[in-house]
1. How many of the residues making up the stretch 139-153 are open to solvent by 50 Å² or more (accessible area, probe 1.4 Å) and within 16 Å of ligand 3 (Cβ to nearest atom)?
2. May I ask you to verify whether Asp123 is open to solvent by 80 Å² or more (accessible area, probe 1.4 Å), within 22 Å of Val30 (Cα to Cα) and more than 13 Å from ligand 2 (Cβ to nearest atom)?
3. Check off (1) assigned to a helix (DSSP H, G or I); (2) more than 14 Å from Leu4 (Cβ to Cβ); (3) not aliphatic (A, V, I, L, M) for Gly150 and give me the number that stays unchecked.
4. Considering only residues that are modelled with pLDDT under 95 and either among the charged types (D, E, K, R) or under 18 Å from Gln20 (Cβ atoms) (or both), look in the stretch 70-112 and name the one that is surrounded by the most Cβ atoms within 10 Å (Cβ to Cβ).
5. Here are some residues: Leu90, Leu64. Which one is touching a Ser or Thr at 6+ places or on another chain (Cβ under 7 Å), more than 16 Å from ligand 1 (Cβ to nearest atom) and either within 19 Å of Gln2 (Cα to Cα) or not acidic (Asp, Glu) (or both)?
6. Out of everything in the stretch 26-59 that is away from ligand 1 (no atom under 15 Å from the Cβ), without any contact (Cβ under 8 Å) to a residue 12 or more places away in the chain and not small (Gly, Ala, Ser), what residue ends up being farthest from Glu163 (Cα to Cα)?
7. Check whether at least one residue in the stretch 129-138 is among the aliphatic types (A, V, I, L, M), within 16 Å of ligand 3 (Cβ to nearest atom) and within 29 Å of Glu66 (Cβ to Cβ), and report yes or no.
8. Let me confirm something: among Asp33, Asp49, which residue is within 9 Å of ligand 2 (Cβ to nearest atom) and either open to solvent by 10 Å² or more (accessible area, probe 1.4 Å) or over 17 Å from Pro9 (Cα atoms) (or both)?
Amino acid sequence: MQNLILIGPMGSGKTTVGKQLAKRMRMDFVDSDHMIEERCGVSISTIFDIEGEDGFRKRETKMLTELCERNGIVLATGGGAVISEENRILLRKGYVIYLKTSIETQLARTQKNQNRPLLENVDAETKLEELMEERGRLYEQEADLIVMSGDRIVSKVVDEITEALEQL
Ligand SMILES: Nc1ncnc2c1ncn2[C@@H]1O[C@H](COP(=O)(O)OP(=O)(O)OP(=O)(O)O)[C@@H](O)[C@H]1O
Ligand SMILES: O=C(O)C1=C[C@@H](O)[C@@H](O)[C@H](O)C1
Ligand SMILES: [Mg+2]
């Protein structure tokens, strides 16, 4: 069975929606950021502190390579997974779902939880806008399905995805 792969920016709900989607589809859920933290035994923020963003990106590509060899998983990717061509090719093996969200929603959601190194010590709104400027086109381009994920309860977002999957 093809993997279901969630892409989108920080706070779009990839982890939250991914967990419920996996339950609904009776598939295993895997979160790339979480797997990297488990493998390294430290947080993503610590990886950025020690190895910089480049170091994290190398680990991310290695992890995605490993995870995309599996079948039948729901995979929540990191917000920056689409910036690398190598990653994009890997993700295309699955059915790619873009959770589209406004900057406002992202901002509200990312304030609840730290451990997002790209938002540390900067104006979060400006940074999220810059990232969307760079990546928005890539999220759209890579998506097999685009689902709005702002201001909607998680189960409704999952309903929309499962209905789209039934039409395939
Ligand atoms: N549809 C939703 N409605 C309300 N809150 C939500 C929704 N989706 C996610 N959230 C909340 O927003 C926060 C961020 O969501 P989540 O961690 O799933 O995003 P993410 O896309 O995985 O972000 P990251 O790329 O940083 O890992 C969480 O606290 C989550 O509970
Ligand atoms: O948007 C990004 O580049 C990131 C998003 C998170 O999921 C993590 O992968 C990390 O904090 C980088
Ligand atoms: Mg996540």
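1. Within the stretch 139-153, residues that are open to solvent by 50 Å² or more (accessible area, probe 1.4 Å) and within 16 Å of ligand 3 (Cβ to nearest atom) number 0.
2. Spelling it out, it is not the case that Asp123 is open to solvent by 80 Å² or more (accessible area, probe 1.4 Å), within 22 Å of Val30 (Cα to Cα) and more than 13 Å from ligand 2 (Cβ to nearest atom).
3. So the condition that Gly150 fails would be (1).
4. Arg109
5. Answer to the check: Leu90.
6. Ile50
7. For the stretch 129-138, residues among the aliphatic types (A, V, I, L, M), within 16 Å of ligand 3 (Cβ to nearest atom) and within 29 Å of Glu66 (Cβ to Cβ): present.
8. Asp33
The values are calculated or read from the model by the stated rules, or taken from the named source; none is laboratory data. Values in this document were obtained by computation on a predicted structure and should not be read as measured data. Here Cβ is always computed from backbone atoms with ideal geometry, including for glycine, and neighbour counts include all displayed protein chains. Heads up: the accessible areas ignore ligands, DNA and RNA and are worked out on the full protein's heavy atoms, side chains in. Shrake-Rupley method; radii C 1.70, N 1.55, O 1.52, S 1.80 Å.
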